[in-house]
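Input: a single structure, listed below in structure tokens.
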Amino acid sequence: MSTQNYVSLLGRQPELSIAELEQVFGHVTPLSDIAATYKSTVRPDVQRLGGSIKLGEIVAEFEPQEWSRLSKRIARYYADRLSSFEGKVTIGISVYGRKVSPRDVQRTGLALKTALKQNSVSMRLIPNDDSALSTATSHHNKLGLSPNKIELLIVYAKDVVLVAESLGTQNITALAARDQARPKTDAFVGMLPPKLALMMINLSGVKEGRILDPFCGTGVVLQEAALLGFNVYGTDLSEKMVDYSNANMQWLSEKFSLGDVNVEAGDAVEHTWQKPIDAVVAETYLGQPFSAPPSPDKLDKVVKVVDVIVSKFLSNIHDQLEPGTPLCLAVPAWRSATGWFTYLPVIKKLESLGYEWQVLKQVDTTKLTYYREDQVVARQLLILKRSS
Ligand SMILES: C[S@@+](CC[C@H](N)C(=O)[O-])C[C@H]1O[C@@H](n2cnc3c(N)ncnc32)[C@H](O)[C@@H]1O
């Protein structure tokens, strides 16, 4: 199959989305904070990426220019491209990276509709009240999922304007359903968003085989990894969590065909896992939840408790992993009222414990933290491999 060029619209934390794309496709070119391009011989699937909101195949490139001029060229280009289209075509237009009024975007669509009509092609334009269609609208209209439902992604970058045809939008409904409809959830253990779990699996760089989550909790990583086609293996200190993970995986297996699933009780600081382990992806113990920044004394205590567990776990599992085995771990980092982070001391000792950071071209992997503004406990993402 020939190589094509694709563009992804990036998530809320673009550096994470870019790192994910680099791990999955082997390279990526960031265009701005909102988009990045890459090449692939296989058609990328937005549902397999946690950090891309929409993605599309690049069909044309223009020099940066005013919307009034560009929109005419795009309408002409598409009127030609679709001139012999059979049946009715639905088109949505989304502009990114430049302020263009929704009205002007709509006008472009109407100009295209008129041009197509002259060639006897009938077109339905998706109405928009923003310059880009929301993911909900794109998804609801199934844009990008069949040849007669097109979403044009028009992405302004510094030196180029890309026109891409969407291949789909992140399915927020399915992600939310996987999160909320699972039979077992536990607010105290934490709620790893499925999107982040998906991103972590991709960030590890694992391509196939069996993924271990030694802090599996209710099983969000196991669930996302199984849906990607991996065999999964979860362990947790708590019998209750083992039951929860098992129940959730059972529920998932009634809807999808999954590979091998294995969940057992085990203390990550001393457990012996069964082989093979092709990657370790886990949200470790995060310490107690906080709704406001804790006092320095309290913080100190929590940091110590978590640091001991994570250090001992890394020492314990080291000899059980083949050299080069990838890991992606979410560990806690605590945000102060002024936005400073307190990180786990073990981060400075990873090399002496026998791990190295995976190196990416576009992103500094030692500085990736996932958080929301209102969170005290953020998650630092460690993208590592066992040293040889
Ligand atoms: C933040 S939660 C992970 C939640 C998980 N990502 C999920 O999908 O529900 C951390 C988990 O680590 C477990 N845990 C704490 N200490 C542990 C240890 N020493 N060994 C194994 N599991 C441990 C807890 O029982 C809890 O389920």
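The values are calculated or read from the model by the stated rules, or taken from the named source; none is laboratory data. Values in this document were obtained by computation on a predicted structure and should not be read as measured data. Counting neighbours? That spans all protein chains shown, and the Cβs are built from the backbone with ideal geometry, glycine included. With ligands, DNA and RNA removed, areas are computed over all heavy atoms of the protein, side chains included. Shrake-Rupley method; radii C 1.70, N 1.55, O 1.52, S 1.80 Å.
Observations on the model:
- The residue of segment 175-222 that is farthest from the ligand (Cβ to nearest atom), among those that are touching a Pro at 6+ places or on another chain (Cβ under 8 Å) and of a type in the set (A, V, I, L, M), is Val206.
- Selected residue (only one of Lys72, Lys39 is over 17 Å from Tyr156 (Cβ atoms) and open to solvent by 20 Å² or more (accessible area, probe 1.4 Å)): Lys39
- Residue tally, condition closer than 30 Å to Phe230 by Cα and of a type in the set (A, V, I, L, M, F, W, C), over segment 272-307: 8
- Contact map, segment 187-210: residues that are more than 21 Å from Ser17 (Cα to Cα) paired with residues that are among the acidic types (Asp, Glu) and away from the ligand (no atom under 12 Å from the Cβ), Cβ distance under 9 Å, separation 6+ or inter-chain. Pairs shown: Gly209/Asp278; Arg210/Asp260; Arg210/Asp278.
- Subset of segment 158-173 that is open to solvent by less than 30 Å² (accessible area, probe 1.4 Å) and either polar (S, T, N, Q) or within 15 Å of the ligand (Cβ to nearest atom) (or both) - its residue that is farthest from Val377 (Cα to Cα): Ser166
- Pair list, Cβ < 9 Å and 6+ apart or interchain, from segment 239-264 residues that are without any contact (Cβ under 8 Å) to a residue 40 or more places away in the chain to residues that are open to solvent by 90 Å² or more (accessible area, probe 1.4 Å): Val261/Gln250
- Take the conditions (1) buried (at least 21 other Cβ atoms within 10 Å of the Cβ); (2) within 25 Å of Pro194 (Cβ to Cβ); Ile93 misses just one of them, which is (2).
- The one condition from (1) farther than 21 Å from Val7 by Cα; (2) modelled with pLDDT of 90 or more; (3) assigned to a loop (DSSP other than H, G, I, E, B) that Asp130 does not meet is (1).
- Just one of the numbered conditions (1) more than 15 Å from the ligand (Cβ to nearest atom); (2) under 30 Å from Thr338 (Cβ atoms) is not true of Lys255: (2).
- Tally of residues being hydrophobic (A, V, I, L, M, F, W, C) and farther than 19 Å from Lys367 by Cα across segment 1-23: 3
- All conditions but one from (1) surrounded by 18 or more Cβ atoms within 10 Å (Cβ to Cβ); (2) hydrophobic (A, V, I, L, M, F, W, C); (3) under 19 Å from Tyr370 (Cβ atoms) apply to Ala176; the one that does not is (1).
- Some residue of segment 92-101 being touching a helix residue (DSSP H, G or I) at 6+ places or on another chain (Cβ under 6 Å) and either part of a helix (DSSP H, G or I) or free of Cβ contacts under 8 Å to residues at least 40 places away in the same chain (or both): yes
- Looking across segment 260-309, the residues that are of a type outside the set (D, E, K, R), in contact with a helix residue (DSSP H, G or I) (Cβ under 6 Å, 6 or more places away or on another chain) and open to solvent by less than 30 Å² (accessible area, probe 1.4 Å) come down to Val263, Ala268, Ala279, Val281, Thr284, Gly287.
- Within segment 273-291, the residues that satisfy the criterion of being more than 13 Å from the ligand (Cβ to nearest atom) and assigned to a loop (DSSP other than H, G, I, E, B) are Gln274, Lys275, Pro276, Ile277, Asp278, Phe290, Ser291.
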